[in-house]
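The next block holds one structure in the form of structure tokens; read it before the comments.
Bear in mind that the values in this text are calculations on the coordinates, not laboratory data. These figures come from a predicted structure and were not determined experimentally. Reconstructed Cβ throughout: ideal geometry from the backbone, glycine too, with neighbour counts over all protein chains shown.
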Amino acid sequence: MKKLLVTMLALTLTASLFAQPKGFKSYTNEKYQFSVLVPESFGGMGESESGDGQTFVSPDGDAHLQAYGGYNAQTLLGTSFDEEFQSKLQELKNRKVNLLDQGTMDDPDGEFDLAYVIKYVEDGLFHALRTIWWDDHFATVAFWCYQDDRAQYEETGCVDGVLYSLVPDDGMRLSEADKVSEWAASDDCFIHVYPDGASAQPNIKNFFHGFATSFQTNLTMAGLNKIGNPDYNDEEIAEWILDNQNNYMTLQLVSNEDYWMEACVFDKENGHKLFVVNYHAPNQRLLCFDYNPDQQTASVDHQTLELLQRMPKAIVRLPRQGTTMDVYYYKDLSKPVGHLTWNGHGFDFTQK
């Protein structure tokens, strides 16, 4: 049920939930805004004079790791990512190295645009490198050691642990979850909600359509494709529930279990409706919108949002049926610590 658990808006998951792997330390480059994990025993040689990165060396001096960044070739020279990748491969082939592994990929987490990994052996040294591109930046981490020592670094997961930890620095780049929060906090945040008929009440499909067209991402666009054509077969969608009868929906992508959303609708005493969205990409947010039937728009319900934000470190699960949300403490998801029940104009909290 992990994908159904979300934190309140503006509360990110604590560092304890994303603990740094044992045996590693983090290096962050402020100039080019990237971070990477480095084996804890490796000593740093100091930041380069240009500030683009740093080299780290194992205690015995037989293994090295270099992390550096810059502005990508597309920005400087007008060349594409694929041209950059093929150029690097050609350079290695010209040197007649023993290529072991190579390939490119799109990032499923949305943190960067493209990446490539290359592993090879040259002059008795094993090399492994990974480069990522995002916005107008690139960053590369390169690891090398004697071929005889390759097994000890690969079998312990050290090499891949270093390569795949390379990401744009979280503290300097907004995640998709941060972007949805930033959008919800802006003055012009509202969504259009059009019922299926002139006298019909809007359902969860109508609310999701309004949300997805206002906040367009790979996640929301996948859902739009589904509601536009229920028979649409998208291999990227791992789970899709659209329950108009209970006004509940959930959507998850195949590419990454941390990218999903769910939503439900509550009736208000004044004839309005409360549209609640759990958005997770890759951190979790809870958004609340007040729907005005006269205007057929929904804007952020700040009063309800402030009520929910009084519960620090709270995690809730939206109900598919009924009006009660279970509340969990973020360190213990095995049983709820209380319930939030919708009363027509706000939520009442009952502690267990």
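Which order results if Cys264, Cys158 are arranged by neighbouring Cβ count within 10 Å, fewest first? All intermediate terms of the calculation are to be shown ahead of the outcome.
Values: Cys264 25, Cys158 20.
If I rank by nearby Cβ atoms, fewest first, I get Cys158, Cys264.
Under the rule of at least 5 residues apart or a separate chain, name every residue whose amide H is placed under 5 Å from the amide H of Ala63.
When sequence neighbours closer than 5 places are left aside, the close amide H contacts are Ser58.
If I fit a long axis through the Cα atoms of helix 218-228 and take the longest principal axis of the Cα atoms of the chain, what angle between them do I get, 0 to 90°, rounded to 10?
40
Compare Thr75, Thr304, Thr250 in a GNM of the chain, Cα atoms joined below 10 Å, and give the one with the largest fluctuation.
Maximum fluctuation in the GNM of the chain, among the listed residues, is at Thr75.
Going highest first, how would you order 50-58, 139-147 by mean Cβ packing within 10 Å? Walk me through the numbers before you get to the answer.
Working: 50-58: 16.4, 139-147: 20.6.
So the peptides 50-58, 139-147, ranked by packing, come out 139-147, 50-58.
Among Asp196, Asp290, which comes first, then next, by fewest other beta-carbon atoms within 10 Å? Mind dumping the intermediate values first?
On the way: Asp196 11, Asp290 19.
Result, fewest neighbours first: Asp196, Asp290.
Please check: in the Gaussian network model of the chain (C-alpha springs, under 10 Å), which one of Val327, Val254, Val265 has the largest mean-square fluctuation.
Result for the chain, Cα springs under 10 Å: Val254 fluctuates most.
Starting from the Cα-Cα distance between Leu333 and Asp113, subtract it from 0.36 nm times their residue separation and give me the gain in nm to one decimal. Write down the numbers at each step before the final one.
Values: separation 220, 0.36 × 220 = 79.20 nm, distance 3.34 nm.
Residue separation times 0.36 nm, minus the Cα-Cα distance, leaves 75.9 nm.
Tilt of helix 204-214 relative to the longest C-alpha principal axis of the chain, in degrees (0 to 90, nearest 10)?
Once rounded, one gets 50 degrees.
Quick one: 3J(HN,Hα) in Hz for region 280-294, Karplus 6.51/-1.76/1.60 with θ = phi - 60°, rounded, Gly and Pro as x.
10, 6, x, 8, 10, 9, 10, 10, 10, 10, 9, 9, 9, x, 5
Specify the angular offset, from 0 to 90 degrees and rounded to the nearest 10, of the alpha carbon long axis of helix 176-185 from the longest principal axis of the alpha carbons in the chain.
That helix lies at roughly 40 degrees to the long axis.
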